[in-house]
Amino acid sequence: MEISRERLEASFNEMADDQLLARYAGGTLTELAQTVILEVLGKRGIAPPPLAPTIAPVAGEILSSTDLVLAAKFITATEAFLVRGLLESEGMPAIVADANMVQNNELLAIAVGGVRVLVPEEGLARAQEIIAAFRRGEYALDGGPAHDK
């Protein structure tokens, strides 16, 4: 549902100055809402405070509104976190599931099916390509074990 400019302006006009400033500083406004709120503040003669730098959302925030699918399983949490970092460095959001359980009792790794790396459904094919390249050693550092073979 898209909110119109007029509706935003009416809503912001009803707010007290401190509410308006808090909403502006919250950093959650769409581009249109930010434009409108700046206009309302300007009409009231209020200079908006500088916005804090945007912090990149963590994987959980990115992934909270999408379906996750299994991209890979690992026996150790370390390897799963390594692959998650690799996926994220390639622009693919990913999360690791069951790592705490396996780290608390390594014998549970087999029982729970290993440590899972989950990705958004629409990125599964790309994630599997990256993981396959990782397993082939394409991300290995020069002089590492993959190059000694």
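The values are calculated or read from the model by the stated rules, or taken from the named source; none is laboratory data. Small disclaimer: the values here were computed from a predicted structure and weren't measured. Cβ coordinates were reconstructed from backbone atoms using ideal geometry, including for glycine residues, and neighbour counts include every protein chain displayed.
Structure above, values below:
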read-out: Selected residue [at pLDDT below 90 and out of contact with any His (no Cβ under 9 Å at 6 or more places or on another chain)] from GLU79, GLU88, GLU14, GLU61; value: GLU61
read-out: Among residues of region 67-80, those that are more than 13 Å from PHE134 (Cα to Cα) and not in a strand (DSSP E or B), counted; value: 5
read-out: Of residues in region 91-107 being buried (at least 17 other Cβ atoms within 10 Å of the Cβ) and not in a strand (DSSP E or B), the one modelled with the lowest pLDDT; value: VAL102
read-out: When residues of region 30-51 are limited to those that are in a loop (DSSP other than H, G, I, E, B) and within 25 Å of the chain's Cα centre (by Cα), the one farthest from ILE3 (Cα to Cα); value: PRO50
read-out: Some residue of region 108-127 being outside any helix (DSSP H, G or I), surrounded by 10 or more Cβ atoms within 10 Å (Cβ to Cβ), free of Cβ contacts under 8 Å to residues at least 24 places away in the same chain and charged (D, E, K, R); value: no
